Amino acid sequence: MRVIVTGATGRTGGEVAREVAERGHELVPVSREPAGTVAGADLRPAEDLPALLDAEGTVLIDFTVPVASADYIAQAAEAGTPAVIGTTGFDSEGTAALDAAAESIPLLKAANFARGVQALLNVVREAATALPGYDVELTETHHNGKRDAPSGTAKTLLDALDDARDEALDRTHGREGEDPREPGQVGVHVRRAGDVRGEHELMFADNDEVLTLAHRAESRGVFAAGAVDAAEWLPGHEAGWYEFGDVIGDGGD
């Protein structure tokens with residue numbers, strides 16, 4: 001398989017590129033500022049992407065920023081190339097662009113490619129159903145260079161919570177001054193420090209008890225492995241929007 005990795009000089013993109021090479025796939029790393037090599041492969045400039053996509057057996061993995069990602073995915077859709085997206089922070093316009101691309105190609109987007117997070121999502125749904133009315137607080141921590149807040153994973157966890165309770169909870173981002181908790185709220189707290197790979201914790205509290213559900217990534221290699229799992233799984237599927245849970249549910253290695 002031939003794998004194009006956009007954002008290959010980034011923190012996670014570089015890990016993805018190394019994972020691709022270690023699995024024996026043909027690696028094509030792409031960057032807007034190409035210089036040197038990544039995982040033994042020469043970096044290619046982003047302007048070459050349309051020509052690079054025009055090859056059979058190619059999959060695109062994108063870990064960049066929303067504006068660049070939307071552009072790259074549009075090019076993948078035009079070329080008919082399956083795409084795996086790990087970029088987060090899309091606004092409504094960016095999401096609409098991805099929806100449009102998914103009409104032409106199989107497109108898999110995930111806020112988090114850790115298998116443990118997929119398990120956490122399942123447990124959160126079960127806990128929210130079993131503990132109706134319990135107060136919920138979410139705290140997430142990432143490295144000091146992360147741009148979007150809350151993280152895409154945090155938003156996915158909150159969506160799972162809403163789905164399980166059949167209501168959209170009021171997301172209160174931090175508290176300051178006189179701000180008593182109101183019914184139907186979920187507190188969302190964001191921390192950015194150092195080189196933290198990613199930590200997410202949900203606390204359910206009521207009835208004189210506290211339940212804490214948490215996941216911590218020890219290495220970005222966790223996300224890279226999941227993204228490449230998705231890239232290996234995606235080809236051959238029909239055009240449409242897929243999630244990492246589809247890969248896990250299908251028994252992907």
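Please treat every number below as a calculation from the coordinates, not as lab data. In this text, all values refer to a predicted model and were calculated from it rather than measured experimentally. With ideal geometry, Cβ positions are generated from the backbone for all residues, glycine too; neighbour counts draw on all protein chains shown.
Below is a table of values for the structure above.
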{"quantity": "The chain, dipole about Cα centre (Lys/Arg Cβ +1, Asp/Glu Cβ -1), debye to the nearest 20", "calculated": "840"}
{"quantity": "Neighbour net charge for Val136 - beta-carbon separation under 10 angstrom, K R +1, D E -1", "calculated": "-2"}
{"quantity": "Gyration tensor verdict on the stretch 115-216 (Cα atoms; rounded if a/c is under 1.5, prolate if a/b is larger than b/c, oblate otherwise)", "calculated": "oblate"}
{"quantity": "Whether the chain is rounded, prolate or oblate, judged on the alpha carbon gyration tensor where a/c under 1.5 counts as rounded", "calculated": "prolate"}
{"quantity": "Estimated inter-spin distance, Val123 and Glu103, nm [label 7 Å along Cα→Cβ]", "calculated": "4.1"}
{"quantity": "Exposed GluC sites (Glu not before Pro) absent: longest stretch of the chain, with sites in DSSP loops and at most 13 other Cβ within 10 Å deemed exposed", "calculated": "104-166"}
{"quantity": "Helix-only [θ]222 nm of the chain, DSSP H runs n ≥ 4, -39500 (n - 2.57) each, per residue, nearest 500", "calculated": "-11000 deg cm²/dmol"}
{"quantity": "Centroid-to-centroid separation of the stretch 80-159 and the stretch 24-61 [C-alpha atoms, Å]", "calculated": "26"}
{"quantity": "Prolate/oblate/rounded label for the stretch 115-163 (Cα gyration tensor, a/c 1.5)", "calculated": "prolate"}
{"quantity": "FRET efficiency for Val196 and Asp54, using Cβ-Cβ distance with R0 set to 35 Å, rounded to 0.05", "calculated": "0.35"}
{"quantity": "FRET E, pair Glu176, Glu78, Förster distance 45 Å, beta-carbon r, rounded to 0.05", "calculated": "0.45"}
{"quantity": "Inter-label distance for His237 and Val210, nm, one decimal - labels placed 7 Å from Cα along Cα-to-Cβ", "calculated": "3.9"}
